[in-house]
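J.: My structure is below; once you've seen it, I'll send some questions.
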Amino acid sequence: MPDLFQDRTEAGQVLAGRLHYFAGRNDVLVLALPRGGVPVAYEVARELRAPLDVFLVRKLGVPGHEELAMGAIASGGVLVLNEQVLRMLEISENVVREAAEQEARELHRREQIYRGNRPRPEVRGHIVVLIDDGLATGASMRAAVAAIRQEEPAGILIAVPVAPPETVAELEAEVEQFICLETPDPFYAVGIYYRHFPQVTDEEVHDLLEQAAAENTVPATNDRNGINGTPQS
């Protein structure tokens with residue numbers, strides 16, 4: 001299986017080239033799914049001169065069957081539930097609440113490590129570019145989209161280096177735009193498509209966010225074109 005990308009940095013640089021029409025705009029926000037999505041998103045945010053932050057999603061597993069998701073909790077305390085699973089297994093509100101509270105504590109802990117005392121970015125009215133280093137089933141990305149949609153963005157764009165065709169097809173219907181550089185078929189694990197694919201540490205995530213915040217000092221324009229680069233009416 002040939003490598004598609006040298007590492008996450010190169011993948012981010014290539015992805016940034018596909019998003020050049022967002023450069024310098026003041027209504028664009030780049031959000032990465034940590035940890036692997038952060039090095040990719042850093043390159044995109046730097047090229048676009050856009051703010052970079054993380055958007056965490058924690059799955060709520062069914063007790064005793066944690067691999068089965070009954071929902072997810074995301075940054076900002078947004079709760080997304082899988083009503084079909086809840087009905088099918090007759091899961092009570094108390095069970096959901098306990099799971100959500102537990103995962104919320106872990107989510108908050110991670111956000112403190114990554115973001116420190118910086119406030120969460122404003123999502124409402126912004127075009128959100130959601131980035132990961134690749135998708136397999138797309139479950140976490142799907143939960144992130146559902147959570148961000150509740151915060152009333154101007155639009156959501158998913159941008160990833162690699163994903164299977166069926167995952168792209170499923171998620172395309174849920175966002176305004178989906179950019180995927182490569183869609184191998186058959187698809188294997190995301191890491192196979194990188195020559196170097198080390199684990200990204202919490203410290204690296206924190207440092208990249210700090211570096212992005214320090215670099216993002218170029219004044220943005222007030223030109224608010226649409227999500228496809230065309231003027232909004």
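What follows draws every value from the coordinates through simple rules; no lab data is involved. Here the structure is a predicted model, which means the values were calculated and not measured. Virtual Cβ from ideal backbone geometry, glycine too; neighbours counted across all protein chains shown.
J.: Quick check: the angle from helix 37-48's long axis to the longest principal axis of the chain, C-alpha only, nearest 10 degrees?
T.: 30
J.: Among (i) 158; (ii) 131; (iii) 172, only one was calculated for this model; which label is it, if the read-out is volume of the Cα convex hull per residue in Å³?
T.: Matching entry in (i) 158; (ii) 131; (iii) 172: (ii).
J.: Among DSSP bridges having both ends in the chain, what percentage is antiparallel? Round to the nearest 5.
T.: 35
J.: If you plug each phi of the stretch 4-16 into the Karplus form 6.51 cos²θ - 1.76 cosθ + 1.60 with θ = phi - 60°, what whole-Hz ³J(HN,Hα) values come out, in order, with x for Gly and Pro?
T.: 9, 9, 5, 7, 5, 4, 5, 4, x, 5, 5, 4, 4
J.: Within the chain, which is the longest segment that contains none of the trypsin sites (Lys or Arg not before Pro) sitting in a DSSP loop with at most 13 other Cβ atoms within 10 Å?
T.: 1-123
J.: Taking just the C-alpha trace of the stretch 58-114, give me its Rg and Dmax in Å.
T.: Cα radius of gyration and Dmax of the stretch 58-114 are 11.4, 37 Å respectively.
J.: I would also like to ask the following. Output wanted: per-residue J couplings in Hz (rounded whole) for the stretch 203-213, from phi through Karplus 6.51 cos²θ - 1.76 cosθ + 1.60, θ = phi - 60°, x for Gly and Pro.
T.: 5, 5, 4, 4, 5, 5, 5, 5, 5, 5, 5
J.: Net charge within 10 Å of ASP133 by Cβ-Cβ distance, Lys/Arg positive one each and Asp/Glu negative one each, not counting ASP133 itself?
T.: 0
J.: Also, I was wondering about something else. Tell me, which longest segment in the chain has none of the GluC sites (Glu not before Pro) that fall in DSSP loops with at most 12 further Cβ atoms within 10 Å?
T.: Excluding the exposed sites themselves, the longest stretch runs over 123-233.
J.: Another question about this same structure. In whole Hz, with x marking every Gly and Pro, tabulate ³J(HN,Hα) for the stretch 79-88 from phi via Karplus 6.51 cos²θ - 1.76 cosθ + 1.60, θ = phi - 60°.
T.: Values per residue, Gly and Pro as x: 10, 10, 10, 9, 4, 5, 5, 4, 5, 4 Hz.
J.: Using modelled amide H (1.01 Å from N, peptide plane; none on Pro or chain starts), what sits under 5 Å from the amide H of ILE179, excluding residues fewer than 5 places away?
T.: Amide H neighbours of ILE179, under 5 Å, 5+ apart: ILE158, ALA159, VAL160.
J.: Can you compute the helix-only [θ] at 222 nm over the chain? Use -39500 (n - 2.57) per DSSP H run of at least 4 residues, normalise by all residues, nearest 500 deg cm²/dmol.
T.: Only helices count here, giving -11500 deg cm²/dmol.
J.: While we're on this one: Can you give me the Rg/Rh ratio for the stretch 1-101, using Cα atoms for both radii and the Kirkwood formula for Rh?
T.: Using Cα coordinates only, the ratio equals 1.14.
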